[in-house]
Amino acid sequence: MKVTLAKSAGFCFGVKRAVDTVYQQLEKRQAKPIYTFGPIIHNEEVVHDLEEKGVTVINSIEELRQQAKGEGTVIIRAHGVEKGICEEIKSMGFEIIDATCPFVLKIHRLVERHSGEGCQIVIIGNGDHPEVKGIKSWSSAENTQVISGKEDAENYRADKEKKVCIVSQTTFNYNKFQELVEIIRKKGYDIIVLNTICNATEERQTEAAGIAAQADAMIVIGGRNSSNTQKLFEICKKECKNTYYIQTVKDLDLTSFRSVDNVGITAGASTPNKIIEEVQKNVRNEL
């Protein structure tokens, strides 16, 4: 059997930076509590490991107020937070460390600048995702909309006297982004398109599609709440009907692969190498 592991599988730069930041703080902690504002990344295994080492996940300012006494360190998750939250945390007396992915911070600045110049803002992404909520909060435009699919794009309406600035969630499907931009473009608006999908995401998606197209079965590894892993699964499923989404090796049903000759493996940007290696080793040894 041939087993192909994607070279781009696993932690991206922003995720590695955020996770390393928390572990570094654990090493030099001096009895003061450490919090992350939201799960540091969307991977249950990593979050659980950090919780066992004493890191507490806080999901709101109110929760921080109730559980903490203004003492300790609050680390901002890789996805970023909404405008004003960092300042509020500082005012409560906490030390704050911002582990927001630099590519996400760049989108905050772009949205702030273009909305300040009078542009209407479109964010292509999942409106419920913390990254998108954070991006939206930096827009001062009256007309700021999140578009996640064709129906949203077809129903989009804007003031034709003002420019429309389009950005994307960093982990959005690149081909779908282009498709949605084209739907808006055909409406005749004066648009500025800023492809803010990070290079690592594009590379990962392209490589995954290529491997899946050649595979008899495809394994996609990542947390259930990981947006970029969900996109990878959709892309791979389109190329290979026998695509399986797992979180760890425990979810792997090897009987599904008994009659195949070529298995591909990829993983989301928040999947640790340890988990990827366990899955790869298991597939190679058992099959």
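Observations
- Residue identified as among the acidic types (Asp, Glu), within 21 Å of the chain's Cα centre (by Cα) and closer than 21 Å to residue 104 by Cβ among 82, 88: 82
- Scanning segment 213-228 for residues that are at pLDDT below 95 and crowded, with 24+ Cβ neighbours inside 10 Å turns up 226, 227, 228.
- Residue match in segment 43-57 (condition: touching a residue at least 40 places away in the same chain (Cβ under 8 Å) and within 30 Å of residue 143 (Cβ to Cβ)): no
- In segment 252-268, the residues that are modelled with pLDDT of 95 or more and of a type in the set (Gly, Ala, Ser): 264, 267, 268
- Residue in segment 244-254 that is in contact with a Leu (Cβ under 7 Å, 6 or more places away or on another chain) and either farther than 17 Å from residue 279 by Cα or part of a helix (DSSP H, G or I) (or both) present: yes
- Matching residues, segment 104-129, being exposed (fewer than 15 other Cβ atoms within 10 Å of the Cβ) and more than 18 Å from the chain's Cα centre (by Cα): 109, 113, 116, 117, 118
- Given (1) surrounded by fewer than 18 Cβ atoms within 10 Å (Cβ to Cβ); (2) touching a helix residue (DSSP H, G or I) at 6+ places or on another chain (Cβ under 7 Å); (3) of a type in the set (Ser, Thr, Tyr), index of the condition residue 60 fails: (2)
- Strands (runs of 3 or more DSSP E) fully within segment 51-116 that include at least 3 residues being farther than 27 Å from residue 167 by Cβ: 55-58.
- Condition check for residue 176: more than 19 Å from the chain's Cα centre (by Cα) and either without any contact (Cβ under 8 Å) to a residue 60 or more places away in the chain or in a strand (DSSP E or B) (or both): no
- Selection from segment 39-50 of residues that are in a helix (DSSP H, G or I) and either in the same structural domain as residue 228 (by TED's automatic domain parsing) or surrounded by 12 or more Cβ atoms within 10 Å (Cβ to Cβ) (or both): 44, 45, 46, 47, 49, 50
- Meets criteria (in a strand (DSSP E or B) and more than 19 Å from the chain's Cα centre (by Cα)) for residue 23: no
- Residues that are touching a residue at least 40 places away in the same chain (Cβ under 8 Å) and touching a strand residue (DSSP E or B) at 6+ places or on another chain (Cβ under 6 Å) within segment 228-265 comprise 257, 260, 262, 263, 264, 265, listed in sequence order.
- The set of residues from segment 198-222 being assigned to a helix (DSSP H, G or I) and either of a type in the set (S, T, N, Q) or within 23 Å of residue 41 (Cα to Cα) (or both) comprises 199, 200, 201, 202, 203, 204, 205, 206, 207, 208, 214.
- Restricted to segment 179-194, and to residues there that are touching a helix residue (DSSP H, G or I) at 6+ places or on another chain (Cβ under 8 Å) and outside any loop (DSSP other than H, G, I, E, B), the residue that is surrounded by the most Cβ atoms within 10 Å (Cβ to Cβ) is 180.
- Note on segment 26-54: residues that are closer than 24 Å to residue 85 by Cβ and over 21 Å from the mean Cα position of the chain (by Cα) amount to 6.
- Selection status of residue 276, part of a helix (DSSP H, G or I), assigned by TED's automatic domain parsing to the domain that holds residue 154 and either touching a helix residue (DSSP H, G or I) at 6+ places or on another chain (Cβ under 8 Å) or crowded, with 16+ Cβ neighbours inside 10 Å (or both): no
- Given (1) in a loop (DSSP other than H, G, I, E, B); (2) surrounded by 22 or more Cβ atoms within 10 Å (Cβ to Cβ), number of the condition residue 36 does not satisfy: (1)
The values are calculated or read from the model by the stated rules, or taken from the named source; none is laboratory data. On a predicted model such as this, the values are computed, not experimentally measured, just so you know. Don't worry about glycine lacking a Cβ; one is built from the backbone with ideal geometry, like all the others, and counts go over all protein chains shown.
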